[in-house]
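Below: one structure, written as structure tokens.
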Amino acid sequence: MSKESSSTTFSDQLPPLKSLKDLLDPSQVSWEPSDLQTYGKDWSKHLKAQPLALVFPKSRQEVQTLVRWARENKTALVPSGGRTGLSGGATATQREVVVSFEKMNRILDFNPVDQSVTVEPGVITETLQNFVREQGFYFPVDFAARGSSQIGGNIATNAGGIKVLRYGLMRQWVMGLEVVTGSGEFLQLNHGLIKNATGYDLRQLIVGSEGTLALITQATLAVTRPPQEALVFLLAVPELEGLMKIYHSYRSQLPLLAFEMFTDKALNHVLKSSGLKAPLQERAPYYVLMELEQTSDSVADQAMEILSSALEQGWMVDGSLAQSPQQARDFWRLREDITEATAFAQPYKNDISVRISQVPDFLRQMDSLLTQQYPDFEVVWFGHIGDGNLHINILKPESLSPEEFLQRCKSVDQQLFAMIQKFSGSVSAEHGVGLVKKPYLEYSRSPAEIQLMREIKRAFDPDGILNPGKVFDP
Ligand code: 2HG
Ligand code: ZN
């Protein structure tokens with residue numbers, strides 16, 4: 001980030017940048033082209049990053065200073081965390097200033113009586129999980145990007161992941177927030193209270209707002225007792241119908257911690273890229289990765305009984321219970337490594353959900369639509385099926401240019417989203433709207449809802465300086 005090696009200087013840039021350098025220490029401002037490219041975007045691959053500059057505030061006061069500067073200079077700010085988002089929410093495409101929170105990464109307080117932990121927004125998810133575990137507690141919001149995603153981003157996108165079935169989404173764990181709004185106002189929201197019936201819950205409005213209302217400068221999160229040891233199963237499933245029958249049998253009788261699925265196509269990619277061996281003797285079109293909490297000695301026996309009866313009914317053709325922590329980790333890799341194992345093919349991604357009871361019907365219709373519309377593309381789908389949430393990844397054939405590929409995928413989106421609308425489902429279950437899903441918001445939210453969101457944004461951010469153009473247009 002050395003300024004000396006940079007080929008551009010502030011004086012070459014637009015006028016507001018000249019004054020930006022006076023706000024913070026030089027080590028907290030960069031306009032290096034390589035930094036701008038790295039920090040200017042998230043994992044959504046199809047967008048072009050074009051930030052004006054990059055800043056690293058270290059305190060709430062510095063965040064407030066930046067917001068005041070942005071208002072005065074009519075320059076937009078894009079808040080940025082671990083940049084693991086997949087919808088472009090943290091991508092600066094319009095010469096915005098990227099505000100990275102990676103230098104605000106302190107764990108400030110742990111309170112065993114309140115069962116809460118207070119952190120700055122730049123704390124990495126896994127760092128928080130490990131810290132809380134060392135205190136004898138558990139922070140349950142968890143997903144494959146745990147090693148780089150940050151708490152502020154998790155709150156801004158209401159992150160989901162692999163334990164939602166049992167523990168809920170990020171919003172359930174946010175007890176208090178400190179934020180700076182788009183007008184520079186500092187708000188302390190909910191103060192870590194459990195009960196607080198004093199009007200609108202602005203804290204929850206910030207959760208999932210994708211940085212369009214306020215910048216998060218501190219969060220108080222709930223923690224819980226760690227679960228009992230988990231039993232980790234991998235099941236091979238021959239037909240779509242079997243997936244949800246197995247889910248229902250286990251869910252109605254035993255404490256499920258996770259219920260994930262992936263297809264054989266997904267498995268092939270992970271086996272190829274990881275060098276892991278095929279985990280079961282039988283291959284099948286679908287697999288379930290299931291975790292049960294061993295809350296009593298009888299859980300394992302009951303689980304095996306359900307498994308035998310599912311085999312008898314033909315809902316599954318093979319199944320295995322991990323025999324060691326290492327084997328359990330390997331089972332999880334088969335599911336969690338899919339994103340990285342398919343990244344080489346620049347997948348076009350959709351992240352959708354329907355109500356759990358509608359999953360079988362939806363899967364049938366979706367499967368036939370995808371087979372019909374993408375006869376020549378490889379479609380890899382997987383996801384948190386126990387939450388009604390599926391990830392659809394269309395892999396780009398080498399022969400197509402990225403533009404041609406994108407165009408073909410987008411034309412099928414209209415049909416997929418119309419189907420989701422029929423099911424009253426969501427066009428973005430857990431990855432947010434950002435820029436990528438913005439054109440499709442009306443498939444899941446009514447015009448009246450979107451108008452209200454616009455008005456709420458205006459109240460928090462009258463000059464439209466916070467992540468403008470994300471989620472919806474002004
Ligand atoms: C997951 O569940 C993530 O692994 C990423 O949400 C999903 O790559 C994807 O489509
Ligand atoms: Zn996911």
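Values quoted throughout were computed directly from the atomic coordinates according to the rules given, and no laboratory measurement underlies them. This structure is a prediction, so every number in the text was calculated from the model and none was measured. Counting neighbours? That spans all protein chains shown, and the Cβs are built from the backbone with ideal geometry, glycine included.
Within the stretch 106-125, residues that are assigned to a loop (DSSP other than H, G, I, E, B) reach partners that are acidic (Asp, Glu) with beta carbons closer than 6 Å, at six or more positions or on different chains, in the pairs 106/120; 122/102. From the set of residues in the stretch 322-361 that are among the small types (Gly, Ala, Ser) and more than 16 Å from ligand 1 (Cβ to nearest atom), which is farthest from residue 389 (Cα to Cα)? Per the criteria, the residue is 324. Among residues of the stretch 415-474 being among the small types (Gly, Ala, Ser) and within 16 Å of ligand 1 (Cβ to nearest atom), the one that is nearest to residue 67 (Cα to Cα) is 434. Sort through 161, 211, 147, 182 and tell me the only one that's buried (at least 21 other Cβ atoms within 10 Å of the Cβ), within 16 Å of ligand 1 (Cβ to nearest atom) and not hydrophobic (A, V, I, L, M, F, W, C). Testing whether each residue is buried (at least 21 other Cβ atoms within 10 Å of the Cβ), within 16 Å of ligand 1 (Cβ to nearest atom) and not hydrophobic (A, V, I, L, M, F, W, C) leaves just 161. Kindly establish whether residue 208 is under 30 Å from residue 468 (Cα atoms) and in contact with a Gly (Cβ under 7 Å, 6 or more places away or on another chain). Criteria not met by residue 208. Just to be sure before I move on: is residue 106 more than 16 Å from ligand 1 (Cβ to nearest atom), of a type in the set (D, E, K, R) and out of contact with any Pro (no Cβ under 9 Å at 6 or more places or on another chain) in the structure I sent? Yes, satisfied. The set of residues in the stretch 266-292 being out of contact with any Lys or Arg (no Cβ under 8 Å at 6 or more places or on another chain), surrounded by 15 or more Cβ atoms within 10 Å (Cβ to Cβ) and farther than 22 Å from residue 392 by Cβ consists of 279, 280, 291, 292. Tallying residues that are touching a strand residue (DSSP E or B) at 6+ places or on another chain (Cβ under 6 Å) and either among the small types (Gly, Ala, Ser) or within 13 Å of ligand 2 (Cβ to nearest atom) (or both) within the stretch 149-162 yields 2.
The set of residues in the stretch 272-303 that are part of a helix (DSSP H, G or I), touching a residue at least 60 places away in the same chain (Cβ under 8 Å) and not polar (S, T, N, Q) comprises 272, 299, 300, 303. Taken together, the residues in the stretch 130-141 that are buried (at least 16 other Cβ atoms within 10 Å of the Cβ) and assigned to a loop (DSSP other than H, G, I, E, B) amount to 4.
Taking into account only those residues within the stretch 375-409 that are among the small types (Gly, Ala, Ser) and more than 15 Å from ligand 1 (Cβ to nearest atom), which is nearest to residue 269 (Cα to Cα)?
So, considering only residues that are among the small types (Gly, Ala, Ser) and more than 15 Å from ligand 1 (Cβ to nearest atom), the one nearest to residue 269 (Cα to Cα) is 399.
Of the residues 93, 84, 127, the single one that is surrounded by 19 or more Cβ atoms within 10 Å (Cβ to Cβ) and hydroxyl-bearing (Ser, Thr, Tyr) is 84. Residue 190 meets all of the listed conditions (1) under 16 Å from the mean Cα position of the chain (by Cα); (2) away from ligand 1 (no atom under 16 Å from the Cβ) but one, namely (1).
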